[in-house]
1. For region 376-438, build the charge dipole from Cβ charges (+1 Lys, Arg; -1 Asp, Glu) around the Cα centre, then report which of A390, Q412, A427 sits farthest towards its positive end.
2. Would you mind listing how long region 129-205 runs along its three principal axes, going by Cα atoms, in whole Å with the largest first?
3. From the convex hull of the Cα coordinates of region 169-325, what is the mean projected area in square nanometres?
4. Return the ratio Rg/(2.2 N^0.38 Å) for region 40-91, where Rg is computed over Cα atoms only.
5. Take the Cα atoms of region 333-425, build their convex hull, and give its volume per residue in Å³.
6. Using a simple charge model, +1 on the beta-carbon of Lys and Arg, -1 on the beta-carbon of Asp and Glu, nothing else, what dipole does region 368-430 show about its Cα centre, in debye to the nearest 20?
7. Under 28 Å Cα-Cα from K401, which lysines qualify once same-chain neighbours fewer than 8 residues away are excluded?
8. Only four residue types carry charge here, +1 at the Cβ of Lys and Arg and -1 at the Cβ of Asp and Glu. Report the dipole size of region 245-371 about the Cα centre in Debye, rounded to the nearest 20.
Amino acid sequence: MYNVDLIIIGAGPAGMSAARRAAELGISVLILDEQPVAGGQIYRNVDRASAVRSDILGKEYTHGLALTKGLHHDNITLLKGAVVWQIEEGTRVAFTQNGTGALAVGKRILLATGALERPMPLSGWTLPGVMTAGAAQILLKQSGIACQGAVLVGSGPLLYLIATQMVRAGVPPLALIETQTTRDLLRSMRHLGGALRGWPYLVKGLRMLWELRRAGIPRHVGATGITIEGDQAAQAISFYIGKSAHRIECDTVLLHHGVIPNTQAARSIDIPHLWDAAQNCFVPECDAWGRSAVATVFIAGDGAGIGGAKAAAFAGEIAALEIAHDLEGISRPDRDAAARKLRKHLAIECAARPFIDAAYPPYAGAIAPQDATIICRCEEVTAGDIRRFAGLGCLGPNQAKAFGRSGMGPCQGRYCGLSVSQILATANNISLDDTGYYRIRPPLKPVTMGELAAMAASEINEVKE
């Protein structure tokens, strides 16, 4: 049993920055993170990366070293490989580590669970050889392995980042197939003022595009009708640019059209969520400090709305200040003075986000996939099945479980939930807020009977209570 002031779930930018700020204010902190080393997805394995790999991944990757070093504080305990499977009453967290179950009790909880890649269901996306662009980046960060002969498909700056990293690694992609259009770019111009405030991101994007052009990487922009071909594995990808048909032979396809908040933990304790039309996703309701409707639970970083790594770090610190104020670790005037500076930095980091969101929307063909396209990979439920359920009177994702088991597999809806909600909303002609999302229940992640049996007797009794 762990008893601390603050439990942080997730050791990405938000979790690490919050931990350090809280620790410096005299707050005892326990960080629970699933990965073997701290850093989250953006700074994954940064402490172990060689100089060569750091050069490939870029200077922004090595910025994570300052955050991971900040965890070396007497008030911080980091438990690596800790998988959270239940949150109770906004103060207790059940998790497993090294095959054993355990409990932690905290006066406050900070959810710093980050983001998930948006599901991109299209024809052929379940074939071997097809994975998310983020998964390819994990391979590069974790093991130094770059995908050979790959085609990147979708939209968003992450495609450019991964493509340039592949170029630097000596295994350039065959091509980029991009789904954003000129019309999207024109619509984004109403946010140009904000984008200019966040000019470093614009400059970074232009540099990446120049690097790809210099490397001779073909870019196909405005793609529609995307189909991944293959019998037993991916063999080619076909698509249209206008009325012109294209086909590229390849055995690896990397999909990406944005990221969305990872809201499973927040939903499991009934924190309300609302549909964010600008980011095309659900976001939890929080105040300016990150406090949720459950007064003891805070949310910071991309789990509260997509803003990027640096924005997440600032948001984590802001949440830590309010938590410390709750626990009498800092006065209100000192809290407000410190937060004022952080909010200025946060505003600058988020200034370009509306422009990016408008310029790189999700691929329409994946938001409204063809009937034969599998949506729920765990239970092999298709888009046509979901539409048929709607025709039978299914109004929301939870009813869809009863109609066809969508969202009831091992991933518990992480990768089909948003697609199911969007398909049902369109089919029933109702809003996303009215359609809703899966009701998330524990365990959040699979837990074995052996892990439960290995818990100390006192902890088992507390779980039963």
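1. Going by the Cα projections, it comes out as Q412.
2. 40, 23, 18
3. Values: hull surface 53.2 nm².
Its average projected convex-hull area is 13.3 nm².
4. The reported ratio for this selection is 1.48.
5. Numbers: hull volume 13.5 nm³, N = 93.
Hull volume over Cα atoms, normalised by residue count, gives 145 Å³.
6. On the way: 6 positive and 4 negative charges, 24 e Å.
Here region 368-430 has a charge dipole of around 120 debye.
7. Partners within reach: K445, K464.
8. Values: 11 positive and 16 negative charges, 85 e Å.
Value, rounded to 20: 400 debye.
Only the coordinates and a few stated rules stand behind these numbers; no lab work does. All values reported here derive from a predicted model rather than from experimental measurement. Note: ideal-geometry Cβ built from the backbone for every residue, glycine included; neighbour counts use all protein chains shown.
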